[in-house]
Every structure is written in structure tokens, then in C-alpha cells.
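Below: one structure, written as C-alpha cells.
The values are calculated or read from the model by the stated rules, or taken from the named source; none is laboratory data. Since the model is a prediction, treat every value here as computed from it, not as a measurement. Cβ sites come from the backbone with ideal geometry, for glycine too, and all protein chains shown count toward neighbours. SASA here: full protein model, heavy atoms, side chains in, ligands and nucleic acids out. Shrake-Rupley method; radii C 1.70, N 1.55, O 1.52, S 1.80 Å.
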Amino acid sequence: ATVGEQELHVLGELKGARGFSSLGNLFCQFQFEKGKHFECVGGKEKGQTQVDYPQAGSKEFVWNHPIDLHYFMKSMQGWPSLKIEVWTLDNTGGKILCGYGMTYVPRTPGSHEIKCPIWRPSGTPKEEVLGGGFITSLSWDSILRLCSLDHCSFY
């Protein structure tokens, strides 16, 4: 780090999800986003967990996906956030979007357990039944404007 730059280390894991009990499998695609005053000098800011197929009757999906990021920062403006997409696989291996979430990296040092609400925009009955491309064609700005909170959570 150069003079005037501070460091931020983000260490943890994407543990799993709850509230998707009607699904047989689940995985997560994630991306950390930050402002222009942050430079990632170590770790991967985006990725995907493995697909979890929990035992019958289980209400939790477990990923335990490690996170290890190192940033240099010149200002707190543009503090990092984590954007999440939760997916399931159909019988043919095709991906079906289950929801979106977003949370900020905590600004205080120490251990934190973060629970991120997951939401899913709903379409017309035809879009809901046929899938169409309604959900997957939305931008993040559209999602944040159109979303309705669901009872699923990401922890």
C-alpha cells in the first residue's frame, strides 16, 4: 500500500441457504463490487459455489465456499458489497434462477454472521409458468426497483 492507503481484508465463507425447501439442489453465483477508491490486490471477487443436493427433509443447503479478499483503499466511498444470485439445476442440467440478494461487507472489524434476504421479481402468469427470459434478462438496477421480498434467506 502507498502512503494514505488503508487495507481491508475480507475473510469468511458463503455458508449456505435456507427457505428453498421445495428445490432438490441449489448453488450460488456471487460477485463483490466496489468503488473506484478500492483496489483488489488478492483473491477472487466473483465465483460460484458447488451445487448442494441435501438429504431428503433437510431445510438447509450447505456450500461452505471460502472467501479471501485483500483490498487497498484510498477512501471509504464505494465500500464493497456482495451481490448474490441463487440458482437451481433442472433435470436436464439447465440453470433456473431462484433469486437475488445484496449486502454490504461489514465496516467494523471482527467476526460477523450476515444474513442476506433473497428476493425474486415475479412476472405475469405466462412468464411465471413458461419462464420466458423475464428474470434472467433483468439488470441489477431493474431488479432493485422491481423486487419483492421473499421468505428465503442466504446465510
Where the accessible area of the range 19-118 is counted over protein heavy atoms with a 1.4 Å probe, how much of it, in %, is carbon and sulfur?
49 percent
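Sort the following peptides by mean Cβ neighbour count (other Cβ atoms within 10 Å, averaged over residues), highest first: 44-51, 11-18.
11-18, 44-51
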With unit charges on the beta carbon (Lys/Arg positive, Asp/Glu negative), name the residue among Phe61, Gln31, Met73 whose Cα is farthest towards the positive pole of the charge dipole of the range 26-80.
Met73
